[in-house]
Amino acid sequence: MSGKLNLDPAKVARARELARRAGEPVTKLAQTHTTVSIERAVLRLAGLDGADAEGMPWVNRLTDAVRDAVGLEYGVALPAWDAMLAGGYPDLRTLAGQAADGRVKFRIPVAGEAVEARELAVRSVQKGVDTIDAQRALRSRLIAATADPPPPWIYLIVATGDIYEDIPQAQAAAREGADVIAVIRSTGQSLLDYVPEGATREGYAGTYATRENFRLMRAALDETSRELGRYVRLTNYASGLCMPEIATLAGLERLDMMLNDCMYGIIFRDINPVRTFIDQRFSRQVHARAGIVINTGEDNYLTTADAVDAAHTVVVSQLLNEYFGLEAGLATWQLGLGHAFEINPAVPDSFLLELAHAQLVRELFPGAPLKYMPPTKHMTGNVFAGYLLDAFFNLCGLMTDQSILLVGMMTEGIHTPFLSDRDLALENVRYVRSAAGRLGLSFQPDSFVAGRAHQVLDEALALLDRIGAEGLLRAIADGTFGVTRRPPDGGRGLDGVIERADGYFNPVADLLGELRGTDPMAEVLGGDAE
Amino acid sequence: MTMADIVRPYGDTTGDGRVQVSFTLPVPGVSASDRALAEGAALQLAGKMGLSPAMVVHTKPIGPDFTFFIVYGRASHLVDLSAVVVPEREFDVLSPAEVNLRIRTALGRKLVVVGATIGTDAHTVGIDAILNVKGHAGEKGLEYYREIRVVNLGAQVPIEDLVARAWQEHADAVLVSQVVTQRDAHLSNARELAAAFSAAAESGMPSRRPLLVVGGPRFDPASAAGLGVDKVFGRGTTPAEVASYLVHALTPVGAS
């Protein structure tokens, strides 16, 4: 590995090896457990959509009915498709309705009946997987028919709460230069244990992630992509208690990138750690299949912890996200590892420190589409100073060749962006890009910048050593990430975790490459495999 | 009111009244004729805002339907300093050592603070800035104070859980942060909080009601009475201010 920082390849390889060792016990946990949301995602792939009169999705009703009757230790598929065969129901929706009324007797089938139920289940979910494959192929065709914008991709957020307001704002942002549109979710959705249905017009500081909202926005951006002659990507959030289902809906509706972090829900939403680690694995298997680029959330650590003191925790989390992502079948080009420009601008040499951190991450993950987040913590309400800070963020991102640039707003922390805030922010990016876009080519880190990068890598190695010794779950409980303590039995959603029985069956697992059997880390550990 | 009480904005000369505003109008500004109409509209608005004379210094179409303006003008309004009402801070800001001493001498035990964000608000940044050791703006949070016991319940705590926990912990004060303000959720949540604690007190919860303190960037510090809480903190509040208020309200001087 070469590069501007002359990182020691042995240290880098050791960091990856330590991350793998820290992650493996957690992967085993995910391989031996399931969650209610994973089981509901199976039903969604089989085409079960819609909700009852109270707005509770049928996938929840059916999964709950199966759980009450025979538990979920064998998965939802065996008893559900056994009941389909035994009851002669025309479709899952009918079965779910009858089950919700208590009119279906579920059992765990054995022998020939189990074989039949399994075969029917696999055939049923195959349709969903085929749709995901077709959407992935369609994305490729649309990109070929328009154009793939050059990096860095300009990433802008809309967040009105009303999907019909979001659409014109997203289209306007794309016309102004956005390559990626993220629809921020309604605050609180991460803690809902169901996915709302239909087009929604009311949300808090964001818009609900629903299948219909995904479909409407993707269709609108397809129209804008054709108009502009470049493919505009759409992003949402596969996080929270319904991470596996939202990942599935994203694949079915051709979202292009998804926020998806192995630990974000634990640290910042107080979701149970075990639940999160199991859910993130399934959701990443779906993203791998769907060709979706994930965005990880390391930037968030720096909003609660100090961006200088905690720089190495970002690197550790990125290495963990890389291990978990590759293990779940994602390719390196799908790992949008996150980090942020959050050092207090009053710190002397703060820009040089930012350069060191950003360049370190770039060189540690040369093939990953890194996502770089703008300052938020030190945006004080002085919009003029904030505009300057955002320009320095843009400069740092361009100099260190970041792949996805989230555009900073000078009114960050004051209000959700005005139309003009977004326009001014894009003007800022355009200026820095046209004035200094090639500065990275001639940028040579001096000893201060390189020394700082080496120091952060050393601190990351020391932390990985400690995590290896005490275990990842214990480290999270100790407040290692984001200065927040999260015990393994705390947080929300633990009651939705089920240990798999010996005969556990998930018809999606094989389709998603559960049995791949290749070494997921070979690609990055192999050195020049790129 | 005397002449000394009257001021105007200061650009570069006393009394010039010069201010800068920026805004967007939903009118097209791409063609020359549209732009002329748009700038006229901007000047009309500036005039109605009390800027006279006003000058549009920057016009920028945003897409086909909107135009952004930066306007400089002379504010025709006068500011009467004698008529300004400032919610008076009824307490001195103390150092952590002073706060600890006050608690020790007046209470003889730790002061218990239960903190949370309520409703659908998932933003813990405000409550964490006040409570976490890490603190905010270079000041340590309340967890750092030896004589304060902090129970931080985190985000999206149901109000009934907060009430129950506050009594269980014998809380002296309950701190609630609200960042999300869509549809004035922060105000309705604060009122619900106050109502829930009143209802609990009437239903015979064993000890007195804890001090209710709410805070967030969009709160008006003068709105405590209207919301039914004891104290409201707005944007820029520091942990030391909160700690100082708590000892002021809970440990009256001379009470030891």
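Read-outs: derived from the displayed coordinates by stated rules, not from any lab. Since the model is a prediction, treat every value here as computed from it, not as a measurement. Neighbour counts run over all protein chains shown; Cβ positions are idealised from the backbone, glycine included.
Key figures for this structure:
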| item | result |
| --- | --- |
| Convex hull of Cα atoms in chain A, direction-averaged projection (nm²) | 23.2 nm² |
| Residues of type aspartates and glutamates that residue B:110 reaches as a straight line, Cα spacing below 17 Å, ignoring anything fewer than 8 places off in the same chain | B:98, B:143, B:147, B:169, B:172 |
| Cα centroid of segment A:130-145 to Cα centroid of segment A:305-358, whole Å | 31 Å |
| Candidate aspartates and glutamates for bridging to residue A:105, where Cα separation is under 14 Å - those fewer than 8 sequence places away on the same chain excluded | A:64, A:68, A:82 |
| Modelled FRET efficiency - R0 56 Å, residue B:151 with residue A:105, Cβ distances, 0.05 increments | 0.75 |
| Full-stretch length increase - residue A:447, residue A:175 - with 0.36 nm per residue and alpha-carbon distance subtracted | 93.7 nm |
| Residues residue A:126 and residue A:502, FRET efficiency given R0 of 25 Å [Cβ-Cβ distance, rounded to 0.05] | 0.50 |
| Acute angle (nearest 10 degrees) that the helix A:111-145 long axis makes with the longest principal axis of chain A, alpha-carbon atoms | 30 degrees |
| Length released on extending from residue A:32 to residue A:86, taking residue separation times 0.36 nm less the Cα-Cα span | 16.5 nm |
| Dipole magnitude of segment B:3-82, debye to nearest 20 (Cβ charges: Lys/Arg +1, Asp/Glu -1, about Cα centre) | 100 debye |
| Cα centre as origin, Lys/Arg/Asp/Glu Cβ charges: segment A:34-126 dipole, Debye | 60 debye |
| Shielding score for A:419-427, defined as the mean number of other chain Cβ atoms within 10 Å | 4 |
| Degrees between helix A:273-290 axis and first principal axis of chain A (Cα, 0 to 90, nearest 10) | 90 degrees |
| Nitroxide proxy distance, nm - points 7 Å out along Cα→Cβ at residue B:52 and residue A:466 | 6.7 nm |
| Shielding by other protein chains, B:51-64, mean Cβ within 10 Å | 2 |
| Mean Cα-pair separation over length for segment B:96-250, i.e. relative contact order, pairs under 8 Å, 6 or more apart, % | 25 percent |
| Fraction of antiparallel bridges per DSSP, the protein assembly as shown only, in percent to nearest 5 | 35 percent |
| Helix axis angle, A:163-176 relative to chain A longest principal axis, alpha carbon, degrees | 40 degrees |
| Violating pairs (Cα-Cα greater than 32 angstrom) within the set B:48/B:231; A:4/B:60; A:4/A:377 | B:48/B:231; A:4/B:60 |
| Estimated distance in nm for a label pair at residue A:192 and residue A:113, the labels positioned 7 Å out from Cα along Cα-to-Cβ | 3.7 nm |
| Where labels lie 7 Å past Cα in the beta-carbon direction, separation of residue A:162 and residue A:136 in nm | 3.8 nm |
| Whole-percent pair-distance distribution, where bins are 10 Å wide, for the alpha carbons of segment B:5-65 | 20, 44, 23, 11, 1 |
| Value at 222 nm in deg cm²/dmol, rounded to 500, when DSSP H runs of n ≥ 4 in chain B each add -39,500 (n - 2.57) | -9500 deg cm²/dmol |
| Cα-centre dipole for the protein assembly as shown with unit charges at Cβ (Lys and Arg positive, Asp and Glu negative), debye to 20 | 140 debye |
| Per-peptide average of other Cβ atoms within 10 Å, ordering A:78-87, A:464-473 highest first | A:78-87, A:464-473 |
